[in-house]
Amino acid sequence: MYDYGRHEVHAVNGSRLALSGATAEVRVLDLESRRVSERTLPVEVPADSSVKICDLPAIAGLTPVYFLDLRLRGADGAVVASNLYWLSTAEDVPNFGASTWFYTPNSGYADFTALARLPEVQLDAAQTTTHHDDAAAVQVTLRNRSSSLAFFVELQIVGDRSGRPALPVLWEDNYVTLLPGEERQLTATVDTAALGGEEPRVRYSGWNVRESAVIASRAAH
């Protein structure tokens, strides 16, 4: 995780087991998705603890908005946690002189208007559905083949005929950002009753990703 106030990166272990032999990947990308900084660092985190991994120093010449991609890999190399932050070179400026016991106003604000300049990208997508008694597990694979990141992608489960969202849905993750060339697999679980007799399909859209038609499904056995 990123500490906005101290400009530090920390690893947080909320489990009762120590995390050993892990590595942290810390990447900074500019608005054109160019990697302007990249580090891989060893990480050891005791149970129910957090440790500072590194500082995030100022980088000269950054675009007005930039991205901080943080990934924690276990000893086997698998990603166990990831977070992506979008940051502005113009930071919020709290007016502490006008603070009350419950509120501190700002005298300046971060500027994220440059996000409007992100180029539109298209994603490759496929889904596989597995039925289990009264529920369906839907696995969707997203791949970003473009040279720009796909920002803040939202996924929905909808009925295959009506296109209506099925609720409630338990997503493994959602509102994800894919770096250039990145592929991610996400799983959703939905009750059969929420589908009203229809088959589940995935639909997605994003900040700079055109809304998809319903994705064709492959049945799993």
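The values are calculated or read from the model by the stated rules, or taken from the named source; none is laboratory data. Predicted model only: the values in this text are computed from it and were never measured. Glycine gets a Cβ as well: all are built from the backbone with ideal geometry, and neighbour counts include every protein chain shown.
Answer with yes or no whether Leu142 is in contact (Cβ under 8 Å) with a residue 24 or more places away in the chain and outside the structural domain of Leu68 (by TED's automatic domain parsing).
On the way: in contact (Cβ under 8 Å) with a residue 24 or more places away in the chain: yes; outside the structural domain of Leu68 (by TED's automatic domain parsing): yes.
Taking the combined requirement at face value, the residue satisfies it.
Which ones in region 174-206 are among the hydrophobic types (A, V, I, L, M, F, W, C), surrounded by 14 or more Cβ atoms within 10 Å (Cβ to Cβ) and not in a loop (DSSP other than H, G, I, E, B)? Spell out how you get there, then give the answer.
We begin by selecting, within region 174-206, every residue among the hydrophobic types (A, V, I, L, M, F, W, C); these are 176, 178-179, 186, 188, 190, 193-195, 202.
Within this subset, residues satisfying the condition of being surrounded by 14 or more Cβ atoms within 10 Å (Cβ to Cβ) are 176, 178-179, 186, 188, 190, 194-195, 202.
Result: Val176, Leu178, Leu186, Ala188, Val190, Ala194, Leu195, Val202.
Only a single item in (1) assigned to a strand (DSSP E or B); (2) over 30 Å from Gly21 (Cβ atoms) is not met by Trp101, and it is number (1).
Every residue, every condition in (1) under 22 Å from the mean Cα position of the chain (by Cα); (2) closer than 22 Å to Leu178 by Cα; (3) acidic (Asp, Glu), yes or no:
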position: Arg35; (1), (2), (3): yes, yes, no
position: Pro46; (1), (2), (3): no, no, no
position: Ala58; (1), (2), (3): no, no, no
position: Tyr66; (1), (2), (3): yes, yes, no
position: Glu91; (1), (2), (3): yes, no, yes
position: Gly97; (1), (2), (3): no, no, no
position: Thr100; (1), (2), (3): no, no, no
position: Pro105; (1), (2), (3): no, no, no
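Taking the stated definitions as given, is Arg73 within 28 Å of Val153 (Cα to Cα), outside the structural domain of Phe151 (by TED's automatic domain parsing), charged (D, E, K, R) and touching a strand residue (DSSP E or B) at 6+ places or on another chain (Cβ under 7 Å)? Answer is yes for this residue.
Residue-level check: of (1) more than 30 Å from Arg35 (Cβ to Cβ); (2) assigned to a loop (DSSP other than H, G, I, E, B), Ser107 misses just (2).
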